[in-house]
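The values are calculated or read from the model by the stated rules, or taken from the named source; none is laboratory data. All values reported here derive from a predicted model rather than from experimental measurement. Neighbour counts are summed over all protein chains in view; Cβ atoms, including those assigned to glycine, are modelled from backbone coordinates with ideal geometry.
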Amino acid sequence: MGRWPHMTEIRTLTSDDWQDIRDVRLRALIDAPEAFTSTFARESAYDEAKWRALAVTGRWFGADDEGLVGVAVGVDGWSGEPTKRELVGMWVAPSHRRRGIARQLLDQVKAWAASEGATTLSLGVREGNDRALTAYLGMGMRSTGKTMPEIGQPTRVIVVMDCDVDAL
């Protein structure tokens, strides 16, 4: 008989999980370098103290399936608005895509944002990353019609999307 499929567990990550955070983040940067505003070269040089510090810059969620297969981070973000939170650094391993894990991660970030008193969750997607744009639209995010230049790469454009956090 075959194995029963099991649910991937979404869990909150802390600074004590810095090695898991490092490993999943570096895998994401290798797999999809065009999707992130950082690089493998930069982040692979980070030491334990830096990874522990990053772990508390926001709320990290990991998709665990006998090891981390996805990650998403909720942060206060660039807007400075008390009713807004941002999703950054979402990634799911190619082996686990199209299983609903991205939606589970997004739902956890939405729940966290709501618990922080936010009413809106925003995210940015690099212009041209149609796969991510399509996926986010399918998960209930909407285009705001706004764009912004990428920090450190002003010729690159970030498309801003958002959703209401109560729209789980």
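Of note:
Let's see how each residue does on (1) touching a Phe, Trp or Tyr at 6+ places or on another chain (Cβ under 9 Å); (2) closer than 23 Å to V160 by Cα:
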residue: M7; (1), (2): no, no
residue: I30; (1), (2): yes, no
residue: A45; (1), (2): no, no
residue: F61; (1), (2): yes, yes
residue: P94; (1), (2): no, no
residue: V109; (1), (2): yes, yes
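- Where S95 falls short, out of the listed (1) under 16 Å from the mean Cα position of the chain (by Cα); (2) over 25 Å from E150 (Cβ atoms); (3) among the polar types (S, T, N, Q): (1)
Yes/no per residue for (1) under 23 Å from E150 (Cβ atoms); (2) hydrophobic (A, V, I, L, M, F, W, C); (3) modelled with pLDDT under 90:
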| residue | (1), (2), (3) |
| --- | --- |
| M1 | no, yes, yes |
| M7 | no, yes, yes |
| D16 | no, no, no |
| R42 | yes, no, no |
| A45 | yes, yes, no |
| A55 | no, yes, no |
| F61 | no, yes, no |
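- Where I151 falls short, out of the listed (1) under 28 Å from W18 (Cβ atoms); (2) buried (at least 17 other Cβ atoms within 10 Å of the Cβ); (3) of a type in the set (A, V, I, L, M); (4) at pLDDT below 95: (2)
- Screening I158 against (1) surrounded by fewer than 17 Cβ atoms within 10 Å (Cβ to Cβ); (2) touching a residue at least 12 places away in the same chain (Cβ under 8 Å) leaves a single unmet condition, (1).
Matching residues to (1) modelled with pLDDT under 90; (2) exposed (fewer than 15 other Cβ atoms within 10 Å of the Cβ); (3) in contact with a Ser or Thr (Cβ under 9 Å, 6 or more places away or on another chain); (4) among the small types (G, A, S):
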| position | (1), (2), (3), (4) |
| --- | --- |
| G74 | no, no, no, yes |
| A93 | no, no, no, yes |
| A102 | no, no, no, yes |
| W112 | no, no, yes, no |
| L123 | no, no, no, no |
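- V24 vs. criteria of a type in the set (A, V, I, L, M, F, W, C), closer than 26 Å to A118 by Cα and modelled with pLDDT of 90 or more: no
- When residues of region 126-155 are limited to those that are polar (S, T, N, Q) and touching a residue at least 40 places away in the same chain (Cβ under 8 Å), the one farthest from G77 (Cα to Cα): N129
- Residues of region 41-72 that are of a type in the set (D, E, K, R), surrounded by 14 or more Cβ atoms within 10 Å (Cβ to Cβ) and assigned to a loop (DSSP other than H, G, I, E, B): D65 alone.
- On inspection, R98 passes the criterion of being under 22 Å from D64 (Cβ atoms) and surrounded by fewer than 17 Cβ atoms within 10 Å (Cβ to Cβ).
- Restricting region 76-89 to residues that are in a strand (DSSP E or B) and of a type in the set (D, E, K, R), the residue that is nearest to A35 (Cα to Cα): E86
- Test set (1) modelled with pLDDT of 95 or more; (2) closer than 26 Å to I151 by Cα; (3) outside any strand (DSSP E or B) - S38 fails condition number: (1)
- W78 fulfils the conditions (1) surrounded by fewer than 17 Cβ atoms within 10 Å (Cβ to Cβ); (2) of a type in the set (F, W, Y); (3) under 20 Å from L29 (Cα atoms) except for a single criterion, (3).
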